[in-house]
Amino acid sequence: MSAPESTTASHQNYRRSLGTISLTAVGLGSIIGSGWLFGAERAARLAGPASIVAWVIGAVVALTIALTYSELGSMFPKAGGMVRYGQYSHGSLAGYLAAWANWIAIVSVIPGEATASVQYMSSWHFGWAQGLFDGEELTVTGVALASVLLVGYFLLNWFAITLFAKTNTAITVFKVVVPALTAGSLLLAHFDTAHFQDHGGFAPNGWSAVFTAVAVSGIVWAFNGFQSPLNLAGEARNPGKSLPKAVIGSILIALVIYVALQVAFLGAVPTADLADGWSGLGYTSPLADLSIAWGLNWLALLLYADAFVSPSGTGMIYAATTSRMIHGVQENGHLPAIFGRVDRRTGIPRPALLLNLLIAFLFLAVFRGWGSLAEIVSVATVISYITGPVAVMALRRLAPDLPRPVKLRAMPVIAPIAMVFGSLVLYWARWPLTGKVILLMAAGLPIWAWYELRKPWAELRPHLLAGVWVIAYLFVMAGVSWAGGTEFGGRGYLAPGWDLLTVAVIALAFYRWGVRSAWQNPSLAQVRQELTAAADGEGAAGGDAERPAGEPEAARV
């Protein structure tokens, strides 16, 4: 089945102008957003000094899952890549559920970044500023100001991808320098080593709290930014080389920064603020408040400025990537054709940008606090991860002939481990939050039904059979979360330790089911034809001559 003419033309309108540095800046800029402003305090409230370990666990989980998506991203360098892979391997039902979860997880970050900026502003010593946040959520005035920021994010994406790349790279440099300077300054200003033993010890709330911190304190929220380069794959100059470098590099750089900030925060908290233990912390602008406490007023002013720059940079990136995701969902056949249009002059999918702006306003109206948005985003993100490990191995079985510029020899081991890690983080998020977000995933099914249930049964049946494992997985995980350990919000029917083992076994069972249920569906046939045509076109244009002598076609790790 050939690609529709409009589809082919729309992809030709994208500009392949992003190199490794730009894509790494996109990934790093997505990871270092509002998470660094609030994540250290929220993780410390849950896990105390063991929050350091939570950041490392989060990075390991993200890196393992990112490796599966790096292979997929290099295979299919198309805009909105993260919403396409499940469609290629399993057809419309599994593909749609994965795309819906991923889109919800990413589009809700945009109002979260705007909320973070306004929440930090509420610490200014002006009456109007302090009226922006009531301690729990933004006020009406705060929502209005956050709405202005949302419009700004989208306007920066409206004109051209080259403007986006130049603006984002400059912002990312600032976003790396300021957190590093903050960590160093706080470490020099005050570092109380007793905090790592006193107030309940290294893990005052037990290791279950460490795992929960990974899931809901903003750690998954932060590292989820690794997927932004993958969603911009259609604009990468050399996706086979630049995508894996950008994805892996951005995670590792961000890990160093986040661990340094967490250590600095733990040592800089005034002892008097720990009278009720780590769980009693309640800063509005955590790092700025600590800077003022130790006389670093210049740093507080810098942090107030960066509270606009860092979240705004991330919001701008996600405004770009979500528009490409909408384009991908439309090409999957689950949105009107208008959302697949790409402006010929600028290379920007403008109708998709407008749709995401409206959805961002909706999220801002419903979830007015950074913490509530961080929880929703984190759990939706984990749900969106489960198809990557399954799809990468399913496509190795279905399409061994397709070029894989990045092919990891250890993928048969990495993929099931990634599935287990993702399932554990979902369980750690605690009931009833897991159930609420899984219900949110089900809310998207009517859209799928509108487009798919009108098809003949013979055409629809294989899509249902190949996708039922995803629905079953969500229901089973909700049940395990409900019945699990009390330390994770469950009813206590599963003993500590046995609950984690149960989740791991379930993850491996569904991984095997998912890989085996993949099939040679029409979307895979279409993308195979597109890749073949693109390769023939590059060959005719002398594309091979551009590769330096001795450079391998595929990066094998």
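The values are calculated or read from the model by the stated rules, or taken from the named source; none is laboratory data. In this text, all values refer to a predicted model and were calculated from it rather than measured experimentally. Neighbour counts run over all protein chains shown; Cβ positions are idealised from the backbone, glycine included. Side chains included, ligands, DNA and RNA excluded: accessible areas come from the protein's heavy atoms. Shrake-Rupley method; radii C 1.70, N 1.55, O 1.52, S 1.80 Å.
I need the full set of residues from the stretch 15-58 which are outside any helix (DSSP H, G or I), crowded, with 24+ Cβ neighbours inside 10 Å and over 17 Å from the mean Cα position of the chain (by Cα), in order please.
Leu18
Would you tally the residues in the stretch 355-381 being surrounded by 23 or more Cβ atoms within 10 Å (Cβ to Cβ) and not in a helix (DSSP H, G or I)?
1
Take Thr284 and decide whether it is of a type in the set (Val, Ile, Thr) and outside any helix (DSSP H, G or I).
For Thr284, the condition - of a type in the set (Val, Ile, Thr) and outside any helix (DSSP H, G or I) - is met.
Within the stretch 69-112, which residues are open to solvent by 10 Å² or more (accessible area, probe 1.4 Å) and among the charged types (D, E, K, R)?
Correct list: Lys78 only.
Which fully enclosed helices (runs of 4 or more DSSP H) of the stretch 101-214 have 1 or more residues being within 16 Å of Met316 (Cα to Cα)? Show your work before the answer.
Working: elements: 109-121, 127-130, 140-158, 161-189.
Because the criterion is at least 1 residues that are within 16 Å of Met316 (Cα to Cα), the helices (runs of 4 or more DSSP H) in the stretch 101-214 that meet it are 109-121, 140-158, 161-189.
Would a scan of the stretch 37-60 turn up a residue that is of a type in the set (Val, Ile, Thr), touching a Phe, Trp or Tyr at 6+ places or on another chain (Cβ under 7 Å) and within 15 Å of Phe226 (Cα to Cα)? Can you show your working first?
Residues of the stretch 37-60 of a type in the set (Val, Ile, Thr): 52-53, 56-57, 60.
From the residues that got through so far, the ones that are touching a Phe, Trp or Tyr at 6+ places or on another chain (Cβ under 7 Å) too are none.
Within the stretch 37-60 (the criterion being of a type in the set (Val, Ile, Thr), touching a Phe, Trp or Tyr at 6+ places or on another chain (Cβ under 7 Å) and within 15 Å of Phe226 (Cα to Cα)), the answer is no, since none of the residues qualifies.
Looking at this structure, is Leu243 open to solvent by 40 Å² or more (accessible area, probe 1.4 Å) and hydrophobic (A, V, I, L, M, F, W, C)?
no
Out of everything in the stretch 290-322 that is at pLDDT 80 or above and among the hydroxyl-bearing types (Ser, Thr, Tyr), what residue ends up being nearest to Ala449 (Cα to Cα)?
This residue is Tyr304.
Check Leu460 against each of (1) at pLDDT 90 or above; (2) in contact with a helix residue (DSSP H, G or I) (Cβ under 7 Å, 6 or more places away or on another chain); (3) under 30 Å from Leu67 (Cβ atoms) and name the one condition it does not meet.
Going through the list (1) at pLDDT 90 or above; (2) in contact with a helix residue (DSSP H, G or I) (Cβ under 7 Å, 6 or more places away or on another chain); (3) under 30 Å from Leu67 (Cβ atoms), Leu460 breaks only (3).
Of Phe421, Phe361, which residue is out of contact with any Lys or Arg (no Cβ under 6 Å at 6 or more places or on another chain), within 20 Å of Ala215 (Cβ to Cβ) and in contact (Cβ under 8 Å) with a residue 24 or more places away in the chain?
Just one listed residue meets the conditions, Phe421.
Give the stretch 457-491 a look and list any residue that's outside any helix (DSSP H, G or I) and open to solvent by 40 Å² or more (accessible area, probe 1.4 Å), or say none. Show your work before the answer.
First, the residues of the stretch 457-491 that are outside any helix (DSSP H, G or I): 484-485, 489-491.
Arg491, the sole residue that qualifies.
Can you name the condition, by its number, that Ala352 falls short on among (1) open to solvent by less than 10 Å² (accessible area, probe 1.4 Å); (2) small (Gly, Ala, Ser); (3) in contact (Cβ under 8 Å) with a residue 60 or more places away in the chain?
(3)
Tally the residues that are touching a residue at least 24 places away in the same chain (Cβ under 8 Å), open to solvent by 10 Å² or more (accessible area, probe 1.4 Å) and farther than 15 Å from Thr115 by Cα, restricting the search to the stretch 304-334.
The total comes to 4.
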